[in-house]
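Step one of this worksheet: look at the structure below.
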Amino acid sequence: MYSNEDYLLELIADHGLITPDDVNIYRSNLSGNQSVIELMIQEQKLTEEQVAQVCAESSSVDYIDLAHTPIAPDIFDAMPEEVVRRFKAVPVAESGGYLVVALADPLNFEALDTLPHVIGREISPVCATPSAIESTIKANYGSSEDEMGESQEGLSWGGEEDIDENDAPIIKLVSHILVEAFKMRASDIHIEPLETSLRVRYRVDGKLMEIDNHPRKLLPAIVARLKVMSGTMSIAEKRLPQDGRIQIQVSGKEVDLRVSSVPSNHGESIVMRILDKTALMLGLPELGFLSDDQDTFKEMIGLPDGIILVTGPTGSGKTTTLYACLNVINRPDKKIITVEDPVEYEMPGINQVMVKTEIGMTFAAALRAMLRQAPNIIMIGEIRDEETANIAINAALTGHLVFSTLHTNDAPSAVARLADIGVKKFLIASAIRAIIAQRLVRKLCPACKAPAELTEREQRMLNIDGSQMSDSSIYGPGGCEKCRQGGYKGRMGLFEILKVDDEVSHMINDDLSSPQLRKRARELGMRTLREDGIRKVLSGMTSAEEVIGVTMADGI
């Protein structure tokens, strides 16, 4: 409510309004999170006006009685509503080129430092009572943030067309960056300070594209605006990494942004991951599964117990595949619990738990608690250590269906990875039902893809002969407005599915190496990532260049 309460209590005592004994008496009667000053005001020992006047005098600012101060209605356009609500700061008037802003705490240095950057002009602070500020906000902005589509977690708007031309330039610039990223189907936004400029890049279909450069002096204002929108990130903290979330609405579509700030040698670097909730509704064909693999996959996720692992490097779409699995099997008669770090997408009908290692809520701790909730299906964001792996395996062996991810290059290597972190081979053989390795490739733009022929190098790399090509529909990238002349639009998965049947279980128990297991699995019918990619090249879904770039040769 007020800054540095002990200091302020001394000042109030110096003004003869209370005594040190009063402070001790009231402090002994505190309950909950109530402060001494709040209790004194409640018990009418002090008034809000007295406290605010002392606060103003000690800060060398004027006290203002908002209840009896006329305020021009258009002055409220000078500050965005989410800024007013977050900092409990009310614009009052224009004075000598400054915007006069009423604060309950004139020593709120975060507000004093941030507001000029966010609104694009200098401010002149004055002090008012907290209740008067609340009443002014309620009278001019409404009683609930929800009425404006606003929440503590971020600003919502309906698209670029809703951005007011009178908004501060920084607000318009940040809004433009976010809306354009959504229009371009970007997965990430990178705002990076360089030595003399501020670079903005989007990651579209897995490729980084430089979009714009701005003067580096805009960095503090842009970072402050994004932190304000997150509602949880501290603008005063510039030395440590921070994470937050922003919820926005573009053209009526809800989008979550996961925000990460990291100090660099030229200032804070911001990366925002765009979490498009429509990814939750993707079916198996949209993920890239061809019809035969769809049948295999549906069979696996319909099993009553066991572990299904999805493997691949960071950014290969593992999480999207897991969410698609849960979406397929999410029914009222199934209890599904997930443990994630962090929870990326909120799914209706599913209990989702977020890892918080700083308070001891690790993957393992969350898993142990989840098992007491009697779930049918468990999803673990990632198996990182022996304890988590063993709990997951025990859950699978006691009748639960478990989904999780690992970082390995191919499906057979997942066995060696689990053994490396301490899981016994016989437990792996008993609990694992299937391992799916995956990569993402760009899809050819359907509007402009053109018939193409494979080069000799591409034929050799993909091991494709003339007979395969004669019955195929091979295409290459073109370029049109729909794909922004790139030739590709969207991405899909390449999949390598290893079903752990009795024979594969015996091979795991016999301690075969990863290359031996891979060779034998191929003999039993496992299709490799590159082989799945070849099918999609021959079907005209992607290019040979894409498949060669993300898969290793099958002979390796």
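The values are calculated or read from the model by the stated rules, or taken from the named source; none is laboratory data. No experiment lies behind these values; they were computed from the predicted model shown. Please note: Cβ atoms are built from the backbone with ideal geometry, for glycine as well, and neighbour counts cover all protein chains shown. Areas reflect the complete protein model, heavy atoms only, side chains present, ligands, DNA and RNA absent. Shrake-Rupley method; radii C 1.70, N 1.55, O 1.52, S 1.80 Å.
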**Prompt:** If you check A431, A447, which single one turns out to be crowded, with 21+ Cβ neighbours inside 10 Å and more than 31 Å from the chain's Cα centre (by Cα)?
**Reply:** A431
**Prompt:** Just checking, how many residues over segment 450-472 are loosely packed, with under 15 Cβ neighbours inside 10 Å and touching a strand residue (DSSP E or B) at 6+ places or on another chain (Cβ under 8 Å)?
**Reply:** 2
**Prompt:** Does Q485 satisfy being more than 19 Å from R439 (Cα to Cα) and modelled with pLDDT of 90 or more?
**Reply:** no
**Request:** Return yes or no: is I474 within 25 Å of D293 (Cα to Cα) and modelled with pLDDT of 95 or more?
**Result:** no
**Prompt:** Within segment 203-244, restricting attention to residues that are out of contact with any Gly (no Cβ under 8 Å at 6 or more places or on another chain) and acidic (D, E), which residue is modelled with the lowest pLDDT?
**Reply:** E237
**Condition check for G555: surrounded by fewer than 22 Cβ atoms within 10 Å (Cβ to Cβ) and modelled with pLDDT under 90** = yes
**Fill in**
Counted residues in segment 171-205 being small (G, A, S) and outside any helix (DSSP H, G or I) come to 3
**Prompt:** So, in segment 229-243, of the ones that are more than 15 Å from E268 (Cα to Cα) and of a type outside the set (S, T, N, Q), which residue ends up least open to solvent (accessible area, probe 1.4 Å)?
**Reply:** M229
**Message:** Can you tell me how many residues within segment 187-200 are without any contact (Cβ under 8 Å) to a residue 40 or more places away in the chain and either out of contact with any Asp or Glu (no Cβ under 6 Å at 6 or more places or on another chain) or crowded, with 19+ Cβ neighbours inside 10 Å (or both)?
**Reply:** 4
**Asked** In segment 543-551, is there at least one residue being out of contact with any strand residue (DSSP E or B) (no Cβ under 9 Å at 6 or more places or on another chain) and either modelled with pLDDT under 95 or open to solvent by less than 30 Å² (accessible area, probe 1.4 Å) (or both)?
**Response** yes
**Asked** Among the candidates G486, G493, which residue alone is buried (at least 21 other Cβ atoms within 10 Å of the Cβ) and of a type in the set (G, A, S)?
**Response** G493
**Asked** Restricting attention to segment 89-121, and to residues there that are touching a Ser or Thr at 6+ places or on another chain (Cβ under 9 Å) and among the charged types (D, E, K, R), which single residue is modelled with the highest pLDDT?
**Response** D105
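Quick grid of which residues meet (1) hydroxyl-bearing (S, T, Y); (2) without any contact (Cβ under 8 Å) to a residue 12 or more places away in the chain; (3) over 21 Å from H506 (Cα atoms); (4) out of contact with any Ser or Thr (no Cβ under 8 Å at 6 or more places or on another chain):
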position	(1), (2), (3), (4)
V415	no, no, no, no
L418	no, no, no, yes
I428	no, no, no, yes
C448	no, no, yes, yes
A452	no, no, yes, no
E458	no, no, yes, yes
S467	yes, yes, yes, yes
**Request:** For N24, work out the one condition from (1) open to solvent by 60 Å² or more (accessible area, probe 1.4 Å); (2) part of a helix (DSSP H, G or I); (3) under 30 Å from I171 (Cα atoms); (4) not hydrophobic (A, V, I, L, M, F, W, C) it doesn't fulfil.
**Result:** (3)
**Asked** Does segment 170-180 contain at least one residue that is under 30 Å from V547 (Cα atoms), within 15 Å of the chain's Cα centre (by Cα) and crowded, with 20+ Cβ neighbours inside 10 Å?
**Response** no
**Request:** May I ask you to list the residues in segment 384-406 that are within 16 Å of I308 (Cβ to Cβ) and among the basic types (K, R)?
**Result:** none
**Item:** L440 being within 34 Å of the chain's Cα centre (by Cα), of a type outside the set (S, T, N, Q) and under 22 Å from M361 (Cα atoms)
**Value:** no
**Message:** Conditions first: (1) more than 37 Å from the chain's Cα centre (by Cα); (2) buried (at least 16 other Cβ atoms within 10 Å of the Cβ). D6 passes all but one, so which condition is the exception?
**Reply:** (2)
**Request:** Go through segment 39-65 and give me each residue that's open to solvent by 80 Å² or more (accessible area, probe 1.4 Å), in a helix (DSSP H, G or I) and at pLDDT below 90.
**Result:** Q42, E57
**Request:** Considering only segment 274-384, give the helices (runs of 4 or more DSSP H) lying wholly within it that have at least 1 residues that are buried (at least 20 other Cβ atoms within 10 Å of the Cβ), under 16 Å from the mean Cα position of the chain (by Cα) and on the phi < 0 side of the Ramachandran plot.
**Result:** 318-329
**Message:** Show me the helices (runs of 4 or more DSSP H) entirely contained within segment 66-148 in which 3 or more residues are open to solvent by 40 Å² or more (accessible area, probe 1.4 Å) and in contact (Cβ under 8 Å) with a residue 12 or more places away in the chain.
**Reply:** 109-119, 130-141
**Request:** Return a yes/no flag: does segment 139-160 have any residue that is at pLDDT 80 or above and out of contact with any Pro (no Cβ under 6 Å at 6 or more places or on another chain).
**Result:** yes
**So L517, is it farther than 21 Å from D205 by Cα, without any contact (Cβ under 8 Å) to a residue 40 or more places away in the chain and hydrophobic (A, V, I, L, M, F, W, C)** = no
**Asked** If you go through segment 368-383 one residue at a time, do you hit one that is under 25 Å from V255 (Cα atoms) and of a type in the set (S, T, N, Q)?
**Response** no
